[in-house]
Amino acid sequence: MTRREFPKGFLWGSATAAYQIEGSPLADGAGASIWQRFSHTPGKTVNGDTGDIACDHYRRYADDVKLMRELGMQAYRFSVGWGRVLPDGNGRVNEKGLGFYDRLVDTLLENGIEPLCTLYHWDLPEALDNRGGWLNPDIANWFADYASVMYRKLDGRVKKWATLNEPWVVTDGGYLHGALAPGHENLFETPIASHHLLRAHGAAVKAYRAEGKNQIGIVVNIEPKHPASDDPADIAATKRADAYMNRQYLDPIFFGRYPGEMKEVFGEAWPEWPAEDYALIQQKIDWLGLNYYTRGVTKADPKAWPVGGRNEPPKGAVLTETGWELFPKGLTDTLVWMKERYGDLPLYVTENGAAMKDPPIAGGRVQDQHRVDYLRTHLSAVNDAIKAGVDVRGYMVWSLLDNLEWSLGYSKTFGIVHVDFKTQQRTPKDSARFYAEVIASNGGAA
Ligand SMILES: OC[C@@H]1[C@@H](O)[C@H](O)[C@@H](O)c2[nH]c(CCc3ccccc3)c[n+]21
C-alpha cells in the first residue's frame, strides 16, 4: 500500500439523510414529508419500501453514534427532517422534533464527532407541497425561517451548515422525470423549482449572516461529462449535459447567471428572472460540498429529454449496482475543476460510495472487497487533487449504514455498516474496518 499523506486536520466522517435512516416519520408530532406520501403511493418504490422504520435511527441514534466512535469517525454529516421541526412547514415549532436533533448533536460532540448539518435533503413537509412547494416563490422565506430555527438551536455546536443537498436531483428527479418525490413530470415546472431552490439557498445564507457565527455552504452532485465520440452531435450534447447538471446551480451562486446552454435545454420552458433574484442567490458562501459517484458519457439522442443526450458508459466499463461506472479519476478532475472555476474555497467530499452486491454475513463479517477497492481508489483520487493544490478539507463516506435508497428502497445498499432490517442489527463490513484504518492513519492505509 502506498503511503498517502492527507493534510493535518483532514476531516474523516460519514454521511446519511433523515428520511433514509430515521424511521418514526410521524412520531412526537412530526409533520409528514413528501417522501412519506411518495413512498406510500403504490408503485413508486421498489417492493413498496418506505421510511416508516428504515434504520430506526430516531430511536437508536445513541448506539449509532457509539458505533461511529468505535470506527474512529471524526465527523458526521446528517440532515434535519424539516417536518419534524415544523410540522406545518412554517409557523409553530415542534419542540420534541427539534429536541431530537439537539440530543443528536450533543451526543456526537460528547463522542468527539463534529456534526455537519444539511438543512434540506429532499424531505419537504407535505403541508408546504400542498401550497406549491418548490413551485411557490414564497418557499424562499419558508426555508429561511426554518433555517433560522435550526441556527438558533444548533449554531456553535454545529459549525458547518449546508443549505441544500443536490438541487439538481431534487428538480430532475422530483419535477422532470418523476422518479423522486413529489413525482412531477413537467418541463415547465423544472426550471422554476430550480430557481426557487437557489433563491431559498440564498435566503437561508442571508439569514445565517444575520445570526450565525460559523460556516455555511451548499452540497452539489457533479459528474464530469465526456462525449461518447468526437461526433460534433455528441460533443454538443455533452456540453448541454454538463451545463444542466454541473453548472446550472453553481454558476448562478458564483457568477449571478445561468449557463447559456440552459435556453437550448429547456427552449420555451426556460423563464427569465429579475436581477434581484440573482443578487439574493449570490450570497457569499464559506465552503462547497461535492457528492461524487461517477462520470457521465454522453451520446447524442434527440429522444433523451431535455438534454438531447443519453448516458452511455463505454463498453467494458465496470458498473456498480446502480449502474454507475467506476471512474475515480473523475473525482480528481472535478475537485480541480471546482477550484479553477469557482475559486479556492474549502471543499469537502460530502458523499462518495457505492452500491455493491454485498455477500451475505458469514461469521459476523461482510466481505465487501469491491467496496473496499472503490473507497481505496477514490481516496487516492482525493489525494491527487490535494497534491494538485485543491483545498480539500474532508471526506464523508456514503453511507454509514445500509439505508432506504429512495425509490430503490432497501434493494441497493451503500453502507459500510450492514443493517439487518428485520432485527436492526448493525454489523460493520470489511469496508468499515478498512475505513477505520484509513482514519487512524490519516489516509495512510488507503
Ligand atoms: O444514491 C446514493 C446517494 C443517495 O442515497 C443520497 O441521498 C443522495 O445525496 C445521493 N446523490 C447521489 C448522486 C446523484 C444522484 C442521486 C440519485 C440518482 C442519480 C444521481 C447519490 N446519492
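Any idea what the dipole of the chain comes to, in debye rounded to 20, about its Cα centre with Lys/Arg Cβ at +1 and Asp/Glu Cβ at -1? Mind dumping the intermediate values first?
Numbers: 50 positive and 57 negative charges, 199 e Å.
The dipole of the chain has a size of about 960 debye.
Keeping all protein chains in the complex and leaving out DNA, RNA and ligands, what accessible area do you get for ASP373 with a 1.4 Å probe, in Å² to the nearest 10?
For ASP373, solvent-accessible area is about 60 Å².
So for the chain, considering every pair of alpha-carbon atoms, how many percent are separated by more than 33 Å?
On the way: 29775 of 99235 pairs.
The calculated P(r) of the chain puts 30 percent of pairs beyond 33 Å.
Loop only by DSSP, 12 or fewer other Cβ within 10 Å of the Cβ. Give me the GluC sites (Glu not before Pro) in segment 235-320 that pass, ordered by residue number. Before the final figure, lay out each step's value.
Details: sites: GLU261, GLU264, GLU268, GLU272, GLU276; in loops: GLU272.
Taking segment 235-320 and a limit of 12 other Cβ atoms within 10 Å, the loop GluC sites (Glu not before Pro) found are GLU272.
I'd like to know which of ILE34, PHE10, SER229 lies farthest towards the positive end of the charge dipole of the chain, counting +1 on Cβ of Lys and Arg and -1 on Cβ of Asp and Glu.
After comparing all options, I get PHE10.
Can you give the accessible area of VAL297, probe radius 1.4 Å, in Å² rounded to 10?
Answer for VAL297: close to 10 Å² accessible.
Once amide H atoms are placed 1.01 Å from N in the peptide plane, what residues at a sequence separation of 5 or more from HIS226, or on another chain, have their amide H within under 5 Å of its amide H?
Close amide H contacts, sequence-distant or interchain: GLY296, VAL297, THR298.
Can you grab the distance from the C-alpha centre of segment 220-253 to the C-alpha centre of segment 354-369, Å, no decimals?
35 Å
Leaving ligands and nucleic acids out of the surface, order TRP35, TRP122 by accessible area at 1.4 Å, largest first. Walk me through the intermediate numbers first.
Values: TRP35 0, TRP122 25 Å².
Descending accessible area places them as TRP122, TRP35.
For segment 262-368, with all protein chains present and a 1.4 Å probe, just round the carbon and sulfur fraction of the accessible area to a whole percent.
On the way: 2800 of 5060 Å².
Reported share for carbon and sulfur atoms: 55 percent.
Report, ordered by chain and residue number, the lysines lying within cross-link reach of LYS329, taken as a straight Cα distance under 19 Å and ignoring same-chain residues fewer than 8 apart.
LYS225, LYS315, LYS339, LYS387
How much area per residue is accessible in the chain when the probe is 1.4 Å and only protein heavy atoms are counted (Å²)?
Numbers: 16520 Å² over 446 residues.
Spelled out: the 1.4 Å probe surface of the chain, per residue, equals 37 Å².
Between LEU98, LEU250, LEU135, whose Cα lies farthest towards the positive end of the dipole of the chain when Lys and Arg beta carbons carry +1 and Asp and Glu beta carbons carry -1, centred on the Cα centre?
LEU98
What whole number of Å gives the distance from the Cα centroid of segment 263-327 to the Cα centroid of segment 19-98?
Cα centroid to Cα centroid, the span is 28 Å.
Taking the Cα centre of segment 203-331 as origin and charging only Cβ (+1 Lys, Arg; -1 Asp, Glu), how large is the dipole, in debye to the nearest 20? Write out the running numbers ahead of the final one.
Details: 16 positive and 18 negative charges, 64 e Å.
Here the size comes out at about 300 debye.
Can you find, among GLY389, ILE361, TRP406, the residue farthest towards the positive end of the dipole of segment 301-446? Put +1 on the C-beta of Lys and Arg, -1 on that of Asp and Glu.
ILE361
Could you give each residue of segment 399-406 its phi-based ³J(HN,Hα) in whole Hz, using Karplus coefficients 6.51, -1.76, 1.60 with θ = phi - 60°, and x for Gly or Pro?
After applying 6.51 cos²θ - 1.76 cosθ + 1.60, I find 9, 4, 10, 4, 8, 6, 7, 6 Hz.
Pop out the ³J(HN,Hα) list for segment 61-74 in order, Karplus 6.51 cos²θ - 1.76 cosθ + 1.60 with θ = phi - 60°, rounded to Hz; leave Gly and Pro as x.
Residue by residue, segment 61-74 yields 4, 5, 5, 5, 5, 4, 5, 4, 5, 4, 8, x, 4, 9 Hz.
Placing unit charges on C-beta atoms (Lys and Arg positive, Asp and Glu negative, everything else neutral), compute the dipole magnitude of segment 328-446 about its Cα centre in debye, rounded to 20. Write down the numbers at each step before the final one.
Values: 14 positive and 14 negative charges, 38 e Å.
Around 180 debye, computed over segment 328-446.
I'd like the accessible area for MET68, computed on protein heavy atoms only with a 1.4 Å probe and all protein chains in place. Round to 10 Å², please.
Rounded to the nearest 10, the figure is 0 Å².
The values are calculated or read from the model by the stated rules, or taken from the named source; none is laboratory data. All of these numbers come straight from a predicted model, not from anything done at the bench. Glycine gets a Cβ as well: all are built from the backbone with ideal geometry, and neighbour counts include every protein chain shown. The accessibility values were calculated without ligands, DNA or RNA, using every heavy atom of the protein model including side chains. Shrake-Rupley method; radii C 1.70, N 1.55, O 1.52, S 1.80 Å.
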